[in-house]
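J.: This is the structure I have questions about; it appears just below.
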Amino acid sequence: MALMTLAEVKTFIRETSTTYDTLIALYIPIIEEDITCYLDNWFEDKVIFVDKGGGLAFTRGDTLTTSSDADYITDDNDEISTAGFAAGQDVAIRGGSNFGIYSIASVTTAVMTMTSTGEFVTQDQDDSFNNVGMIKISRIIWPEALKPIASKMIWYQMDHNKPDGAISERVDDYSISFVNGREYPMQLLNQLNKWKYLRSQ
């Protein structure tokens with residue numbers, strides 16, 4: 001599942017109205033990306049993963065159909081289903097053209113269907129004309145303690161977002177830094193630092 005739900009964010013930032021629900025929901029995956037980028041840590045599970053040099057195929061969902069077919073992964077060797085992946089999990093994909101974090105909608109014997117549509121690049125490890133190489137798919141385990149920090153990051157973006165080209169800036173005892181072009185107070189980013197060197201790769 002995602003790092004946090006809309007309801008959890010609203011609880012942490014003490015927002016009771018529905019006025020900003022759409023904006024908060026949009027910010028959740030953005031803040032996930034900012035956190036993993038800043039920490040260089042995707043919180044990957046060492047138990048539930050598939051690491052393969054062949055057999056995986058990625059198919060881009062069709063955004064032009066009325067049904068909006070989702071992105072999906074197939075495995076010739078049926079190892080996806082036996083690895084322990086399940087609907088609702090977030091996964092990290094390393095290798096190939098689909099490097100990133102995605103959410104699982106469903107898993108069958110040899111197919112992992114994502115919640116995304118049109119985000120994948122169609123790619124097959126067994127295509128002799130396209131040397132993809134090794135690909136690792138790992139379940140992500142988000143620490144519960146990240147939720148209040150991530151919620152504050154969302155609140156800060158909603159309340160203080162003034163992007164510019166700076167990397168960092170200091171005014172007296174207050175300083176800000178930028179992650180993926182978005183600014184955050186350093187004292188907020190410092191709360192993440194305990195996870196900075198705990199990579200699970």
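The values are calculated or read from the model by the stated rules, or taken from the named source; none is laboratory data. Just so it is clear, the model here is predicted, and its values are computed rather than measured. Counting neighbours? That spans all protein chains shown, and the Cβs are built from the backbone with ideal geometry, glycine included.
J.: Suppose the filter is out of contact with any helix residue (DSSP H, G or I) (no Cβ under 6 Å at 6 or more places or on another chain), touching a residue at least 24 places away in the same chain (Cβ under 8 Å), exposed (fewer than 14 other Cβ atoms within 10 Å of the Cβ) and within 21 Å of residue 127 (Cα to Cα); does residue 51 pass it?
T.: It is true that residue 51 is out of contact with any helix residue (DSSP H, G or I) (no Cβ under 6 Å at 6 or more places or on another chain), touching a residue at least 24 places away in the same chain (Cβ under 8 Å), exposed (fewer than 14 other Cβ atoms within 10 Å of the Cβ) and within 21 Å of residue 127 (Cα to Cα).
J.: Based on this model, can you work out whether residue 38 counts as in a helix (DSSP H, G or I), touching a strand residue (DSSP E or B) at 6+ places or on another chain (Cβ under 8 Å) and not basic (Lys, Arg)?
T.: Working: in a helix (DSSP H, G or I): yes; touching a strand residue (DSSP E or B) at 6+ places or on another chain (Cβ under 8 Å): yes; not basic (Lys, Arg): yes.
When the stated conditions are applied, residue 38 passes them.
J.: Which residues, counting only those in the range 128-178, are at pLDDT below 95, among the polar types (S, T, N, Q), buried (at least 18 other Cβ atoms within 10 Å of the Cβ) and in contact with a Ser or Thr (Cβ under 8 Å, 6 or more places away or on another chain)?
T.: Matches in the range 128-178: 177 only.
J.: Moving on. Could you check the range 1-29 and list, in sequence order, the residues that are part of a loop (DSSP other than H, G, I, E, B) and either farther than 15 Å from residue 88 by Cβ or among the acidic types (Asp, Glu) (or both)? First the steps, then the outcome.
T.: As a first pass, look at the range 1-29 and keep what is part of a loop (DSSP other than H, G, I, E, B): 1-5, 14-20.
Scanning the range 1-29 gives 14, 15, 16, 17, 18, 19, 20.
J.: Quick test for you: out of 70, 25, pick the one residue that is more than 13 Å from the chain's Cα centre (by Cα) and in the same structural domain as residue 113 (by TED's automatic domain parsing).
T.: 70
J.: Let me ask something else about it. In the range 90-100, which residues are surrounded by fewer than 19 Cβ atoms within 10 Å (Cβ to Cβ) and within 14 Å of the chain's Cα centre (by Cα)?
T.: Scanning the range 90-100 gives 94, 99, 100.
J.: Could we say that residue 110 is modelled with pLDDT under 95, touching a Ser or Thr at 6+ places or on another chain (Cβ under 7 Å) and closer than 26 Å to residue 28 by Cα here?
T.: no
J.: Separate question: Condition test on residue 125, is it touching a Leu at 6+ places or on another chain (Cβ under 9 Å) and buried (at least 16 other Cβ atoms within 10 Å of the Cβ)?
T.: yes
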